[in-house]
Each structure stands twice: as C-alpha cells, then as structure tokens.
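Structure first, commentary second.
The values are calculated or read from the model by the stated rules, or taken from the named source; none is laboratory data. Since we're looking at a predicted model, the values are computed, not measured. Methodologically, a virtual Cβ is constructed for each residue, glycine included, from the backbone with ideal geometry; neighbour enumeration extends over all protein chains shown. For accessibility, only protein heavy atoms count, side chains too; no ligands or nucleic acids. Shrake-Rupley method; radii C 1.70, N 1.55, O 1.52, S 1.80 Å.
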Amino acid sequence: MMSFALKSTAVDLFVVFSIIVVGYFIGRIRIKGIGLGTAAIFLSGLLFGHFGAHTPAVLQMAGLTLFITSIGLSAGPTFVQRLKMNGKAYVVLCLTIVLTGAAVCALVIKGSGLSASLAIGIMTGAFTTSPGFAAAKEAVSASAEAIQNVAAGYGVTYPVGVVCKVLFIQLVPKLVHADMEKERSLIALPENPDAKKGKVYEKLDTWGFLSFSIAVVLGILLGAFSISLPGGGKFALGATGGSLIVGLLIGHIGHIGKFDLRPDPRIYGPAKEIGLMFFFSGAGVEGGKGLMKILVAHGFMLWVYGFAMVALPLLVGFLVFRKILKLPLLNGLGSIAASMTCTPSLAVLIQTAGTDDVASAYATTYPIALTTLVFIVQFLAAL
C-alpha cells in the first residue's frame, strides 16, 4: 500500500522553495521595463506568511550573510580608493537622508497623535534597519506596550520600505535618461596593482570557499561585539554588518604571504543570488505574519506615514547628490541604498547598473548609516 508523508524538515524546504518559485514568476512581470526581479520573492513570502507559512530563521540569516559577504569581498579590492575619492560626500549624503527621515518621524509624533514608539517603529521599517529596530525596542524597553508598538510599526512599514526603494533604484536611471555605459565607466576603477604586476599567489582551495567561510566566521564574531551608548542603548554591527566589514578587509588585503585570500570572482554572482533567495523568502514570511491584524488595529494611515518616511529621504537624497555633491549617478544611488540600509536595493542596483562596482559606495556608507540610525532612535524615543 502506497503512502505519502513529508517530514518536518522536508516541509520547511518545500515551503521555502515554493515561495521562491512563486516569487520568480512575480519577478518576471515588468511594466514599462520596471520589475521587482529577485526582490519579488519578498512579496511572495508576505503572501505565504499571511496564511501561516513557516521558514527556518537560520536560513534567512544564512542567506543575508551569504549575500553581504559576497558584496564585501567583491568590493574590497577598490574600497580604499573609493573612500579617498568620495568618502566625505557619502558622509554628507548619509546624514542628510537619515536626518530627513528623523525629521518626518518627529513631525508625525507631534502632529498625528501616534505614540513615539509606534512612529519610531514605522521609521525603522521605512529604513529597513534591523539594528535600528533592535535599538528602538531597547530604548522603550521599560514599557511592554511600547515594545509592541515598535514591532507593529516595523512590521507594517518594512514591505513598503523595500518595494519603494527597489522601484526607486530602477526608475531614477530611466527618468534621467542615463547612459549606463557611461555611468559604469565613471564608477569603474583601474585593476588592482597586484594584478598588473603579474603576481601569482597560492589558492587555499579551488574556488575560494575557505576564504569565504573564514570571512563569515570572523564577521559573526566581530558583529557580536557591542558598544554601550548614552542612555543605556548599545550599538553592534550584527552578523551581517560584521561580515560586510571583514569581507571588505579580506578583499582589500588580498593575500597573506604566498596565500591568496580572495575567492574566485565567478562565485560571487551565484552566491549573491542564492543568498537573496533565502533571505527574501524568510523576511517575507516574517513580515506577513499578523500583517492584517496590525493594520486593522492601527489603520491604513500607518502606510501613509511610512511612505512619507521613505519617499522624502529618497527625494532629498537624490537632489543633494545630483545638485550639490555632483556625484556620478551610480555612486549616488549606491550611497542612498546604504543610507536607507536596504540590502534589496543594492541587489537591484547591481542588476540595473550591470556592475558590482556600485557595492563600494554602499559598503563605504553602510556603517555610517547604521551608527547614525542607532543614535537617532535613542533621541526620538525621548520625544
């Protein structure tokens, strides 16, 4: 007699890859050349999460770490050069965007009647910032209701933040009629000096997965360190931020003695795509749980406030980098994606630009954005 039964681990895998399949089909839909691509897996996850689907939390974190480590390693060889060229401009742009978002949040707190905790949750969701979200919860930790408000605001606005920024990244080059070949040449840098000298180093393994794994291990350890902030809060890079920094360092150093530390560049593309698949599927399911319940309880105006906290910083940031800082298009968009701490935006920007060079602008700005957002939520919580 034939029977059919799936073990719990098989069910988890079935759900994850079902989300991915549906997401890729959604991502193929394009309207006037604009589509979500791989980021559509996030929307698929929201749908599955709403209906009670579950995915392993470790798979989501593994996916994000896989993606962000690939970014760090690929951007590392030119990171210092780019920091010297545009570092000050990235700092100005980042502070402008974060402070604009904070100003909108403060206005919402003072003018809408929403509690500070709920408004801060909306802002951290709009900026898609997990460290900021954690800092916000800690800042209001004296009240269980306030913690729930932060989580509610974050959960409602996170999907709005992701979708708006993904669409923004794709729309801007079209609106300014960008010559992408020219823009790629503006952001490109010469090959690293070691390559020009013809030095050959001994590989640790064929593809460089050992170096990749070392970067992840050291990144997780680095991200576990925290620094106490005024007011009782703490700042930490987290596993993903730590992996980004370590990836940049290993990519920059390149070798120790006769051993080559850089993985084969051909693995970065598949590693990033696989990482995003798993991250989006898990993040979507997480955001979809109880989404309608939160909206019913607090109203659809939360989305309006969230949209304002996404759209205004993006608009102000765009005007500043184009009209004042005069940054090349791809440099500016990479820095904006990092200022909004949005990994999906970076993924879409790489696809739109057709080059990994944009990752250096992101990697230069990202730690600045994380630090600033953690401080900002501490200030807003006191309003």
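For first residues located in the range 253-280 and exposed (fewer than 15 other Cβ atoms within 10 Å of the Cβ), partners that are in a strand (DSSP E or B) and lie 6+ apart or on another chain with Cβ distances below 6 Å form the pairs K258/E202; F259/E202.
Here's the yes/no breakdown for (1) modelled with pLDDT under 75; (2) outside any loop (DSSP other than H, G, I, E, B); (3) closer than 23 Å to T38 by Cβ:
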residue: I120; (1), (2), (3): no, yes, no
residue: Q148; (1), (2), (3): yes, yes, no
residue: G153; (1), (2), (3): no, yes, no
residue: I169; (1), (2), (3): no, yes, yes
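For the range 328-383, residues that are open to solvent by 10 Å² or more (accessible area, probe 1.4 Å), over 21 Å from I187 (Cβ atoms) and in a helix (DSSP H, G or I) total 6. Residues considered: I324, I250. Of these, the only one that is at pLDDT 90 or above and touching a Ser or Thr at 6+ places or on another chain (Cβ under 7 Å) is I250. Can you find even one residue in the range 77-93 that is of a type in the set (S, T, N, Q), in contact with a Gly (Cβ under 7 Å, 6 or more places away or on another chain) and surrounded by 22 or more Cβ atoms within 10 Å (Cβ to Cβ)? No, the conditions are met nowhere in the range 77-93.
Restrict the check to the range 63-72 and report whether at least one residue is open to solvent by 20 Å² or more (accessible area, probe 1.4 Å), in contact (Cβ under 8 Å) with a residue 12 or more places away in the chain and in contact with a Gly (Cβ under 7 Å, 6 or more places away or on another chain). Looking for residues that are open to solvent by 20 Å² or more (accessible area, probe 1.4 Å), in contact (Cβ under 8 Å) with a residue 12 or more places away in the chain and in contact with a Gly (Cβ under 7 Å, 6 or more places away or on another chain), one finds at least one in the range 63-72, hence yes.
Among residues belonging to the range 122-132 that are of a type in the set (S, T, N, Q) and assigned to a helix (DSSP H, G or I), point out the one that is surrounded by the fewest Cβ atoms within 10 Å (Cβ to Cβ). Before the answer, list the steps.
From the range 122-132, those of a type in the set (S, T, N, Q) are 124, 128-130; that's our starting set.
Applying the additional criterion that residues be assigned to a helix (DSSP H, G or I) yields 124, 130.
Values: T124: 33, S130: 19.
Across the range 122-132, the extreme among qualifying residues is S130.
Pick from the range 14-29 the residues that are surrounded by 15 or more Cβ atoms within 10 Å (Cβ to Cβ) and free of Cβ contacts under 8 Å to residues at least 24 places away in the same chain: which of them is farthest from G63 (Cα to Cα)? Filtering first and then ranking leaves I26. Within the bounds of the range 280-295, is there any residue that is part of a helix (DSSP H, G or I), in contact with a Lys or Arg (Cβ under 8 Å, 6 or more places away or on another chain) and within 30 Å of V15 (Cβ to Cβ)? So far as the range 280-295 goes, no, none of its residues is part of a helix (DSSP H, G or I), in contact with a Lys or Arg (Cβ under 8 Å, 6 or more places away or on another chain) and within 30 Å of V15 (Cβ to Cβ).
When the range 97-114 is filtered for residues that are outside any helix (DSSP H, G or I) and touching a residue at least 60 places away in the same chain (Cβ under 8 Å), only L114 remains.
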